[in-house]
Amino acid sequence: MLELNNVHVSYGGRRVVHGVTLRAPERSIVALIGANGAGKTSILRSIMGLTPASSGEIRLFGERIEKLPTAAIVQRGIALSPEGRRVFPHMSVYENLQSGAYLQRDKALTGRTLQEIYDRFPRLAERRQQPAGTLSGGEQQMLAMGRALMAQPKVLLLDEPSLGLAPLVVREIAAIVRDINASRGLSVVLVEQNAHMALKLCHTAYVLEAGQLTLSGSGQELLESQHVRQAYLGL
Ligand code: ATP
């Protein structure tokens, strides 16, 4: 479904992603783990067209998208829940969710999607009129995911959903990601520094080190890898 072939990303003249090739098949959860600054966010930004790849191919259902503007990429079915959530703090939960559907012209469909999101995230429904900035960290993460889902993506990109959250809340977010993947059948690309959470949750995982993929396998395989255990799981 989503494929990256030999993708490079640079800022100015400085290359930070060096020839990444990865696949996110239909209905899969694919994790991308790596240390701070390894280039994980830059890969997601290149998929969204926010920092276009300097070379390489990105395909969605076979169609090349690496040169398309972000709005066209969203319309083709990819949505991002960004690192740090980036909710609009002074806008209500409802307005934040609506902002995720800004490209959707079918108002009836948007209304149905909103109701589905309220059903999936009852805490957002209870707080629909509350300013987003007053939500807890976990609730803001749910809002960021809900806002991305309002675009009705086929591929959902999640950038560090566990960041700054207590272990119990991380578990709750992980359960939601699993449920979204299973019930909506969409693919999830999950970027995480919390390697344990990501490897438990995913079907396939890739390890990114200094802008290059160094390992890949099933989540279970990487949980058992000596290198991953030492470098990312502190074991
Ligand atoms: P983190 O987990 O800390 O977000 P990451 O793996 O997502 O890390 P990136 O945010 O993709 O890593 O950063 C990769 C490299 O690119 C880093 O060296 C970073 O300083 C650099 N970088 C990121 N954004 C920019 C930018 N807008 N301009 C210049 N350099 C950037």
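The fraction of accessible area contributed by carbon and sulfur in the chain is 50 percent, rounded to a whole number (1.4 Å probe; ligands and nucleic acids excluded).
Give me the percent of DSSP beta bridges within the chain that run antiparallel, rounded to the nearest 5. In the chain, approximately 55 percent of DSSP beta bridges are antiparallel ones. When both the stretch 130-181 and the stretch 26-58 are represented by their alpha-carbon centers, they are found 19 Å apart.
Taking θ as phi - 60° and the Karplus parameters 6.51, -1.76 and 1.60, the scalar couplings of the stretch 159-169 work out to 9, 6, x, 8, 4, x, 9, 5, x, 5, 6 Hz in sequence order, x denoting glycine and proline. Name the lysines eligible as straight-distance cross-link partners of residue 40: C-alpha to C-alpha under 24 Å, and not fewer than 8 places from it in the same chain. Candidates past the 8-residue exclusion: 67, 154, 200.
When the surface is traced with a 1.4 Å probe over the full set of protein chains, residue 204 keeps roughly 40 Å² accessible. Couplings 3J(HN,Hα) of the stretch 219-224, computed from phi: x, 5, 4, 6, 4, 8 Hz, in residue order, whole Hz [Karplus 6.51 cos²θ - 1.76 cosθ + 1.60, θ = phi - 60°; x for Gly and Pro]. Accessible surface for the chain, divided over its residues, is 45 Å² per residue with a 1.4 Å probe. Ordered by 1.4 Å accessible area with all protein chains kept, 179, 159 run largest first as 179, 159. Working note: Karplus 6.51/-1.76/1.60 with θ = phi - 60° gives the stretch 62-75 the couplings x, 7, 6, 10, 5, 10, 7, x, 3, 4, 5, 5, 4, 5 Hz, where Gly and Pro are set to x. Taking amide hydrogens as placed 1.01 Å from N in the peptide plane, the amide H of residue 150 sits under 5 Å from that of no residue at least 5 positions away in sequence or on another chain.
Summing +1 for each Lys or Arg and -1 for each Asp or Glu among the other residues whose beta-carbon sits under 12 angstrom from that of residue 201 gives +1.
The values are calculated or read from the model by the stated rules, or taken from the named source; none is laboratory data. What you see is a predicted model, and the numbers here were worked out from it, not measured in a lab. Because the Cβ atoms are built from the backbone with ideal geometry, glycine has one as well, and the counts that use them run over all protein chains shown. In case anyone asks, the SASA skips ligands and DNA or RNA and just uses the protein heavy atoms, side chains included. Shrake-Rupley method; radii C 1.70, N 1.55, O 1.52, S 1.80 Å.
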